[in-house]
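Only one structure is covered here, and it is reproduced in the block below.
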Amino acid sequence: MDRSTLLPMPIDIDIAHVARLARLDLPEDELDTLRSQLSAILEHAAKVQSLDTEGVEPSNHPLGFVNAFREDVVTGSLDRDEVLAMAPEARDGYFAAPPAMSQE
Amino acid sequence: MSVGWEPVIGIEVHVELATQSKMFCGCAVSFGEAPNTNVCPTCLALPGALPVTNGKAIEWIIKIGLALHCEISEWSVFHRKNYFYADLPKNYQISQYDVPVCHDGWLDIDVDGETARIGIERAHQEEDTGKSLHMGEGGRIHAATETLLDFNRAGVPLVEVVSKPDIRSAAQARAYAQTLRQVIAELGVSDARLEEGSIRFDANISVRQGPDAEFGTKVEIKNMNSFRSLEKAVDFEIKRQIAELEAEGTIIQETRHWDEEAAVTTSMRTKEGSSDYRYFTEPDLVPLVVTPEWREHILSTLPELPHQRKDRYLALGVDTQTALALSSADTALRSLFEDTVGAGADAKAAANWITGEVVAWMRRESVDTIDVDSASVAEMIGMIDANELSASAAKEVLDGILRGEGTARAVAESRDLIQMTDTGAIESAVDSVLADNPDAVERYRAGEQKVVGFLVGQVMRATQGKADPKAVNGLLREKLS
Amino acid sequence: MSLADLTITDAAAGLRAGSHSSVDLTEAVLERASMTEAEVHAYLTIDREAALDAARAADAELAAGEDRGMLHGIPIALKDNMCQRGVETTAASQILAGYRPPYDATVVTRLRDAGAVLIGKANLDEFAMGSSTENSAYGPSRNPWDTGRVPGGSSGGSAAAVAAGSALGALGSDTGGSIRQPGSLCGVVGMKPTYGTVSRYGLIAFASSLDQIGPITRTVDDAVAVLESISGHDPLDATSWAGDYPDLTSEIDAGVAGKRIGVVSEFAGEGYEPAVTGALSHTLDQLSDAGAEVVEVSLPTVELALSAYYLIAPAECSANLARFDGMRYGLRVDGETTEELMARTRARGFGPEVIRRILLGTYALSAGYYDAFYGQAHKARTVLRTEFAAAYEKVDVLMSPTSPTVAFPFDAKSDPLSMYLSDVCTIPSNLSGDPAISVPVGLDGRGLPIGVQVMAPAMGEPVLFGVAKTIERLAGFDARPAMVEELA
């Protein structure tokens, strides 16, 4: 990878977009605070970019093994009454929620 | 279609695997159960629950990949595809991203006697979502007042097969979908029922000016519930795009919904801008490694697939159209064919009778399946060859066989359909007809050739239709010359 | 001395000698909790009746000769991010207020099978994100050594309970030091096992590739006893090690003669309290006198470990915490649409640190920044692991302070970054997946405990425990918090 493409640091964060992606409905002033906090943290985190990782494979798994499979057998499910008792709202055996889209 | 425009179509197919249990948990895979009865901590995404990969599903996607002539990745991983949706319990889908289990394959399709090879980009393993019921106002998403959620389907193993943009017409799109469905069904890895949603098709469509032009802006269309609606939707969308472009308009990259009733595609209103799925390696699962030994083992379990069968039928002497029809016919018809040939019948005749008269009979009688003695069908074909049955008599014999009236000979005898093979008897019938019709004989000799048809009819009448008309014809001409 | 102050080893011996019953132990612990909880607030939930029922059952079994081993009848606390069927489990978040899981975490099943008495659910930083328990939505825990100071975190409640005598041992979870740092700050042993050796099934995930459950106890032997009962392959966790496990006690009394001990040279200097570095030096001298060869080892990439960690952990957490959306369980704040409902529920249900990390992770994963941040962080992880592996070619274990400081006062680290720096010595073992332990060795001038960290290669628990036990013996650390001395 050409490391020059990693810099300069994108300190300017579109915090409203990120909050939207993360489904967090936050007021403007909190978003402003978070933007500057995140910038500071990212500035520190960006130090990883100084490391020469040419030809280095990422370690997404700290384990050396592969192929952990389960047998294709039915081991049972939860009791529906117990499941729906946890729900903020339930109806007719379903979890209930507002519509997916607004009605304007 | 206007001259010069070429449609470019790619199809994404989602196949629900018919494993016993779900992709990452031990809940049953079952269609049509009461809502939220096949759910557990993992597929409901309760705090702390973890996924564990169903090994059978991996075996089956490899099977699908091999059937589609794909390369099988020796090493691949699962990724998390992050997006929030009410029926996606974890709000990420476990899927695959840059390294799918299967990639770079192909599938041959036939449209109007022409074979086209459609490239397969990839086949990757993922999990299905739950189901959202949009309540109120006829269940339409835009007007719903409430969402009801059922997570029985959440976590059902799903294989997504993505074609290359090699499809060039609505008819090819349909043929691709049908052929792929057939392959999947024959592998026995999915119910592959469109109406139950266990196989689902989305199409990506663009148009361009000629085969050398750059690809146009692509539009994804969804919600086609039958092969017919897939073909209609693709056709509509091609025409819409051409009309738009010819009117100096532009095509927007978007997802459009096929409205079956109105027979149009409509834009799906989406508030989300370009999606950002933030894919990253699923840390709860370890990599998948397919050893050459495992791959070979799965390869050895593959059944014969339609295109292989077609080639074999052609080699047996069956003609192309019939081979095509028979190779993708249902199992009962195919095994009837195999067994009939096995019982000694000529393959070409057997194929023609089975794809022709047997299918026609089933349609007439409105039956889905048949249980028929293949030896009798072979016997019937043998009797035709031996001139014991005329073509029309054979149809009646077949009817009797299909009704379970007995063997071909038994039916032919009881229905009195066996052709006269006694040349002496035919000859005497010919002689008496000639004697009874001097006028006709006169006219023939005067050059009126067609009168022989009348005379044949008279002989057939005299023999109650049991004489071989060809033999009668020959004998008459001989005697008249 | 109260029964509440026994080690697990002594309590287990006493149970078999008939000097006390499990009910006696459980009552002593519950009584201690009733006296300390108002000040310490180690627990979010104490299940008194269920604990006493379990104790009675343990007594009956032991009386009948059905001995389930070291933990049989021993009162143990669970960090409240581990699911226990029917018992409120919140991960110290408002978003899970009142949530009662319908299933047991595998560690809970294992503890039940071992006959342990589950006392209650210990406090933590919300979703284990923090180093002080100040991020608990239900109020922080306080350090039994000085209630004006934090117990560390995120397993601060577990460590405080063990230090205060309101449990004989506890389970914590460690993503970047969340077992070891509170262990150090509370003067108890905290141990993070090799990644994959203790099932994460039922542990409310923070960062899946880093999270690991482990013991918090008063002694190294007790840590071995707890780990023995909870470790092992679990088919419900695909990242659970399915191969052989080492015998945890094979080197427990082997001493350190002939052992090579590497001191990580990067973990010193600015930010390290002199008492902390002094305690480490003293310990190293003792080890050297006991026959170990102490050498300096440089691991240059550990300087970047914190940066890599603060990309990887938030990225994973941003996905792990997406499931808390108000649809199926937990808090719901209504909205006109499902999207509005989710966004309002999450903004209200999560505390500021959790929100910060979710946003950080979402950003680090988003299009355009992946390679520079998340991708690069995982490559740094590879480089770090390579450095560790090279170091373990030369030494048997590595050592460092557990935390650069002793327990700090509340609100001392209001800047997120300064709080993150308190995990600088512990994070590398999470990135490498290797085992590590914090052992208390002494007190600073203010009477606050100091721990030292021992790190070993993956599956190196036997040598880790052997060295840790030697350190424990040489240190002779037997101080107890003043509040415990008064009660005992």
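The values are calculated or read from the model by the stated rules, or taken from the named source; none is laboratory data. Computed from a predicted structure; not experimentally measured. Neighbour counts run over all protein chains shown; Cβ positions are idealised from the backbone, glycine included. Just the protein is used for accessible areas: all its heavy atoms, side chains included, with ligands, DNA and RNA removed. Shrake-Rupley method; radii C 1.70, N 1.55, O 1.52, S 1.80 Å.
More than 14 Å from every other protein chain (Cβ to nearest Cβ) and either part of a loop (DSSP other than H, G, I, E, B) or surrounded by 17 or more Cβ atoms within 10 Å (Cβ to Cβ) (or both) - does that describe any residue in the stretch C:76-91? So far as the stretch C:76-91 goes, yes, one or more of its residues are more than 14 Å from every other protein chain (Cβ to nearest Cβ) and either part of a loop (DSSP other than H, G, I, E, B) or surrounded by 17 or more Cβ atoms within 10 Å (Cβ to Cβ) (or both).
Among the residues that make up the stretch B:228-239, is at least one of them buried (at least 16 other Cβ atoms within 10 Å of the Cβ), over 14 Å from the mean Cα position of the chain (by Cα) and farther than 23 Å from B:V111 by Cβ? Checked against the condition, which is being buried (at least 16 other Cβ atoms within 10 Å of the Cβ), over 14 Å from the mean Cα position of the chain (by Cα) and farther than 23 Å from B:V111 by Cβ, the stretch B:228-239 yields no hits at all.
With respect to B:E214, is the statement that it is closer than 22 Å to B:V161 by Cα, assigned by TED's automatic domain parsing to the domain that holds B:S76, modelled with pLDDT under 95 and in a loop (DSSP other than H, G, I, E, B) true? Steps first, please.
On the way: closer than 22 Å to B:V161 by Cα: no; assigned by TED's automatic domain parsing to the domain that holds B:S76: yes; modelled with pLDDT under 95: yes; in a loop (DSSP other than H, G, I, E, B): yes.
Against the criterion (closer than 22 Å to B:V161 by Cα, assigned by TED's automatic domain parsing to the domain that holds B:S76, modelled with pLDDT under 95 and in a loop (DSSP other than H, G, I, E, B)), B:E214 does not qualify.
C:Y103 versus (1) surrounded by 24 or more Cβ atoms within 10 Å (Cβ to Cβ); (2) in contact (Cβ under 8 Å) with a residue 60 or more places away in the chain; (3) in a loop (DSSP other than H, G, I, E, B): which is the lone unmet condition? Of everything listed in (1) surrounded by 24 or more Cβ atoms within 10 Å (Cβ to Cβ); (2) in contact (Cβ under 8 Å) with a residue 60 or more places away in the chain; (3) in a loop (DSSP other than H, G, I, E, B), C:Y103 misses just condition (1).
Scanning the stretch C:181-225 for residues that are touching a Lys or Arg at 6+ places or on another chain (Cβ under 6 Å) and open to solvent by 10 Å² or more (accessible area, probe 1.4 Å) yields a count of 0. If you go through the stretch B:121-136 and keep only what is within 14 Å of chain A (Cβ to nearest Cβ) and assigned to a loop (DSSP other than H, G, I, E, B), you end up with B:T129, B:G130, B:G136. Number of residues in the stretch C:363-389 that are outside any helix (DSSP H, G or I) and either more than 8 Å from chain A (Cβ to nearest Cβ) or surrounded by fewer than 18 Cβ atoms within 10 Å (Cβ to Cβ) (or both) equals 3.
Every condition in (1) open to solvent by 50 Å² or more (accessible area, probe 1.4 Å); (2) more than 27 Å from the chain's Cα centre (by Cα) is met by A:S50 except one, and the failing one is (2). Checking each residue in the stretch B:50-74 for being touching a residue at least 24 places away in the same chain (Cβ under 8 Å) and facing chain A (nearest Cβ under 8 Å) picks out B:V52, B:T53, B:N54, B:K56, B:A57, B:I58.
As an exercise: evaluate B:P47 against (1) under 18 Å from A:L78 (Cα atoms); (2) more than 8 Å from chain A (Cβ to nearest Cβ); (3) open to solvent by 10 Å² or more (accessible area, probe 1.4 Å) and give the number of the one condition it does not meet. Status for B:P47: all satisfied but (3). Screening C:V406 on (1) closer than 24 Å to C:Q94 by Cα; (2) under 24 Å from the mean Cα position of the chain (by Cα); (3) among the hydrophobic types (A, V, I, L, M, F, W, C) shows it passes everything except condition (1). Of the residues in the stretch C:417-438, not one is facing chain A (nearest Cβ under 10 Å), among the hydroxyl-bearing types (S, T, Y), free of Cβ contacts under 8 Å to residues at least 24 places away in the same chain and open to solvent by less than 10 Å² (accessible area, probe 1.4 Å). Can you pull out the helices (runs of 4 or more DSSP H) entirely within the stretch C:396-488 that have at least 1 residues that are farther than 26 Å from A:P62 by Cα? Fully inside the stretch C:396-488 and qualifying: C:416-420, C:461-475, C:482-487. Selection of the stretch C:1-50 for residues being aliphatic (A, V, I, L, M) and more than 24 Å from C:G152 (Cα to Cα) yields C:M1, C:L3, C:A11, C:A12, C:A13, C:L15, C:A17, C:V23, C:L25, C:A28, C:A50.
Scan the stretch C:440-458 for residues that are closer than 25 Å to C:D247 by Cβ and open to solvent by 20 Å² or more (accessible area, probe 1.4 Å) and report the count. Talk me through it step by step, then tell me what you get.
Step one: of the stretch C:440-458, the residues closer than 25 Å to C:D247 by Cβ are C:452-458.
Next, only the ones that are open to solvent by 20 Å² or more (accessible area, probe 1.4 Å) stay: C:457-458.
The number of residues fulfilling the criteria is 2.
Scanning the stretch B:360-374 for residues that are assigned to a helix (DSSP H, G or I) and surrounded by fewer than 17 Cβ atoms within 10 Å (Cβ to Cβ) returns B:A360, B:M362, B:R363, B:R364, B:E365.
Within the stretch A:58-104, the set of residues being facing chain B (nearest Cβ under 7 Å), under 24 Å from the mean Cα position of the chain (by Cα), of a type in the set (A, V, I, L, M, F, W, C) and within 23 Å of B:P51 (Cβ to Cβ) comprises A:L63, A:F95. Meeting the requirement of 2 or more residues that are surrounded by fewer than 24 Cβ atoms within 10 Å (Cβ to Cβ) and of a type in the set (D, E, K, R), the helices (runs of 4 or more DSSP H) wholly within the stretch C:254-362 are C:274-289, C:338-349.
Apart from one condition, B:E396 fits all of (1) in contact (Cβ under 8 Å) with a residue 24 or more places away in the chain; (2) within 32 Å of the chain's Cα centre (by Cα); the exception is (1). Restricting the stretch C:240-253 to residues that are more than 14 Å from every other protein chain (Cβ to nearest Cβ) and out of contact with any Lys or Arg (no Cβ under 6 Å at 6 or more places or on another chain) leaves a set whose member that is surrounded by the most Cβ atoms within 10 Å (Cβ to Cβ) is C:E251.
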